[in-house]
Amino acid sequence: MIALDNFCAAPFWEGCATGAGLIIAIGAQNAFVLKQGIMKNHVFATVFICCLVDAILIALGVGGFGTFLTSSPFLLSVAKWGGVGFLVLYGLRSFGAVLKTEALAVEGGRERPNLKASILMILAFSLLNPHVYLDAVLLLGSIGAQLPKDERPFFALGAIVVSFVWFFSMGYGARFLAPLFAKPLAWKILDMVTGAIMLLLAYLLAMGSLGGVC
């Protein structure tokens, strides 16, 4: 049995704080979750997969997998360039949506990914982003490694709890923005902002790869 006092211990809250600092940020994954939430499109599947991937990577990182990943530049390189390609394609797709007037209606006309496409896209956003590995596996892993072994599970649990709270809050909270997005202009702005974020992230990721920086 896990003692209730352990959830009030410093490692748990340290995991919460560290996880929040890494997860709560503007990025490709969060932008996609936000759009899915606004459209009320397969929200549970989208946010649950985000949380599940985070939980697995955090557990692997705190469990010591980060050391193995650091020792394999090839794996990091594959993840980086795969991420660059995916971000560029999705960014261009977002800009293309601005020009398609038939994709601007909130309820019926706007193109929505089906369940399979939604799952594949959120998996791509979650797994083809090397910063996910650097943050969830390497950074959280290195911090967790400094704790005594019996405290590491609570550190990991804190970060995982924050991930679940953040993604479910964002996914289901986004629907309150739906009235705003009844106007075509709002969708155009969101698509342009999303496209710009994706291309900016792709550029920064490519420059980091070319420069040999993680």
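Overview of values
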| read-out | value |
| --- | --- |
| Qualifying residue in region 119-138 (condition: among the aromatic types (Phe, Trp, Tyr), under 30 Å from PRO73 (Cα atoms) and in contact with a Phe, Trp or Tyr (Cβ under 9 Å, 6 or more places away or on another chain)) | yes |
| Pairs with Cβ under 7 Å, 6+ apart, first in region 141-152 and farther than 9 Å from GLY63 by Cα and assigned to a helix (DSSP H, G or I), second at pLDDT 75 or above and not aromatic (Phe, Trp, Tyr) | ILE143/THR18 |
| Pair list, Cβ under 9 Å, 6 or more apart: region 166-177 residue assigned to a helix (DSSP H, G or I), other residue of a type in the set (Asp, Glu) and buried (at least 18 other Cβ atoms within 10 Å of the Cβ) | PHE167/ASP54 |
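The values are calculated or read from the model by the stated rules, or taken from the named source; none is laboratory data. From a predicted model like this one, the values you see are computed outputs, not experimental measurements. As a convention, Cβ positions derive from the backbone with ideal geometry for all residues, glycine included, and neighbour counts pool all protein chains shown.
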